[in-house]
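The values are calculated or read from the model by the stated rules, or taken from the named source; none is laboratory data. All values reported here derive from a predicted model rather than from experimental measurement. Quick reminder, even Gly has a Cβ in these numbers, built from the backbone with ideal geometry, and neighbours come from all protein chains shown.
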Amino acid sequence: MKTTISEVKHHVGQEVTIGTWLANKRSSGKIRFLELRDGTGFIQGVVLKNEVSEEDWEKAGELTQESSLEVTGVVREDKRAPSGFELTVTSIDIIQIAHDYPITPKEHGVEFLMDHRHLWLRSSRQHAILCIRNQIIKATYDFFNDHGFIKIDPPILTGSSAEGTTDLFHTKYFDRDAYLSQSGQLYMEAAAMAFGKVFSFGPAFRAEKSKTRRHLIEFWMIEPEMAFCDHEENLHIQEAYVTYFVQQVLNNCQAELKVLGRDTSKLEKIKTPFPRISYDQAIEFLKEQGFDDIDWGDDFGSPHETAIAEHFDVPVFVTEYPTKVKAFYMKPVPGREEVVLCADLLAPEGYGEIIGGSQRIDDLELMKERYKEYHLTDPSYRWYLELRQYGSVPHSGFGLGLERAVAWICGLDHIRESIPFPRLLNRIYP
Ligand code: 4AD
Ligand code: MG
C-alpha cells in the first residue's frame, strides 16, 4: 500500500511503500540504517542482510545522500525513534542515484547554504521552520474567517505609494510608471467600506538599503482592516490574533519546535492582554536605561526596541508615536495633534516590530490638509480621498510581517531562514 511518512501511524504491522529521498545512511555489519524523508517527515528504514534479497542489500549499499527511491517495508512502533516509528525494509526501488550532493552533514557557511537554498530547503531544520510558517498562515485564515473577516486581495502593481516614497520599487507599466506594492492598506480601506471587516495576505516590496537580520526586500504581510473600529478595538483584535497563532503553533508543531531547539516556555506564557507603553513613557524609560542617543520626536532604532521589549519579555504595544515619524494617514490623538492613534507591537527576545497599525484619518478636511503637507498631488491618490467623502466612518487596521513573526516563533538568528527564497539586499538567487 502506498502511503507517506506522516501516515505510517495508521499502518503499524503492515507493509507499505513510500516515495523517499535518502537523507543519511549508517552501516553496522549486517544492518544498514537509512534515514529517509518524503517531505511529510523523516523515518529510519532498517535493512537486515539476512531478511532482504541480495539485490536489495546491494541497492541499500549503493544509495547516496539525496538519492531518490521507493522503499517498501513493514511499519514498526519504536518509542526511541523521533517519529515514533521505524520501517523494516523488505525491498528497494532506486529511482535515481544522486552524485556529490553539495550539502553534506558537515558544517557549511551561511553564504554557501544560501547559494544552495533550493536544496537547503530539504534539511530537517528548514523543513521545521517552513512547516511552522504554514501553521501560522493556516491559523491566520482560521482566525480571521472565524471572526467575520473576508479575504480581499489588493493589487501588487500600484500607481502610488502607501508607506512613503523612499523605498519604492519602480517599474514601467507600458508607457507609464508603476511601483510594486509596499502595503495593500489603502486598498484594504476601500474594501473595509464595502465589506466591513477584511484581511489580506500577500507580498510587499521594500527597496530598503537595509542589511539587518530583520529586513527582507520582499516579505509577506497580513493586513486586516475594519470599519467602525477604533484604536482600542484594533489593539484587542491584534492581541487575540497573535495569541491565537502562538497557541496553534504550540498545539500542532511540537515536533518542529523540538527540531529547532526552541525554548517554548517563552511562548507558553503569552496571553492577553498585552502590556502597553506610550511613546512618551518609552522615551522616559530609555533615558532611565542610559540611552542618550534618543529624544522625543525620534523614531526608535532596533537597540531601543530591544531594550523596551526585553523589559516586558512578552509582546508589548508601543502606542501614540509622534505624528512626524508615522505615515500620513494616521489619525491624531484628539487634543494632541503631535501624536497619532497608532501602535507598534514589539516581539520579545529582540525580534523587534512585528505589527504596525493605526486608526486612520476619517475626516475629509484633515485628509485634504495631509495631502497638501505630503504633496500627494498625483492623480493616483484621488480615489483614496473619495473614501472620506462618501460615508466616511472611523476605521482601523494593521499589518503583521509574517517573516518577523516566524523568526520570533522559531527563535531564528536571522530573518533569511523564515521564507522559502529570501530576497535580500545582495541576493536574488536562487
Ligand atoms: O509598519 P509597516 O511599514 O506598516 C504598514 O505597511 C502598514 N500599511 C500596515 C497596515 O496598517 N495595514 O509594516 C508592517 C509590518 C512591520 O511591523 C513588520 O513586521 C513588517 O511589516 N515589515 C517587514 N518585514 C520584513 N522586512 C521588511 N523590510 C519589513 N518592513 C516591514
Ligand atoms: Mg512600522
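Data for the structure
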| read-out | value |
| --- | --- |
| The stretch 119-134, residues that are hydrophobic (A, V, I, L, M, F, W, C) and either part of a helix (DSSP H, G or I) or buried (at least 17 other Cβ atoms within 10 Å of the Cβ) (or both) | Leu119, Trp120, Ala128, Ile129, Leu130, Cys131, Ile132 |
| Yes/no for Tyr321 being over 30 Å from Thr264 (Cα atoms), modelled with pLDDT of 95 or more and under 29 Å from the mean Cα position of the chain (by Cα) | yes |
| Odd one out for Gly411, checked against (1) assigned by TED's automatic domain parsing to the domain that holds Ala139; (2) within 13 Å of ligand 1 (Cβ to nearest atom); (3) surrounded by fewer than 23 Cβ atoms within 10 Å (Cβ to Cβ) | (2) |
| Output for the stretch 135-161, where each listed residue is in contact (Cβ under 8 Å) with a residue 40 or more places away in the chain and in a loop (DSSP other than H, G, I, E, B) | His147, Gly148, Phe149, Ile152, Asp153, Pro154, Ile156, Gly159, Ser160 |
| Restricting the stretch 221-242 to residues that are crowded, with 19+ Cβ neighbours inside 10 Å and outside any helix (DSSP H, G or I), the residue that is nearest to ligand 2 (Cβ to nearest atom) | Met221 |
| Residue count, the stretch 319-350 (criterion: within 15 Å of Arg404 (Cβ to Cβ) and either within 14 Å of ligand 2 (Cβ to nearest atom) or among the aliphatic types (A, V, I, L, M) (or both)) | 4 |
| Residue in the stretch 341-362 that is at pLDDT 95 or above and away from ligand 1 (no atom under 16 Å from the Cβ) present | no |
| Residue within the stretch 113-132 that is in contact (Cβ under 8 Å) with a residue 12 or more places away in the chain, of a type in the set (Phe, Trp, Tyr) and under 26 Å from Pro422 (Cβ atoms) present | yes |
| Residue identified as modelled with pLDDT under 95 and among the aliphatic types (A, V, I, L, M) among Leu376, Leu412 | Leu376 |
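Conditions (1) surrounded by fewer than 16 Cβ atoms within 10 Å (Cβ to Cβ); (2) assigned to a helix (DSSP H, G or I), marked per residue:
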site	(1), (2)
Leu267	no, yes
Pro273	yes, no
Ile294	no, no
Glu369	yes, yes
Lys372	yes, yes
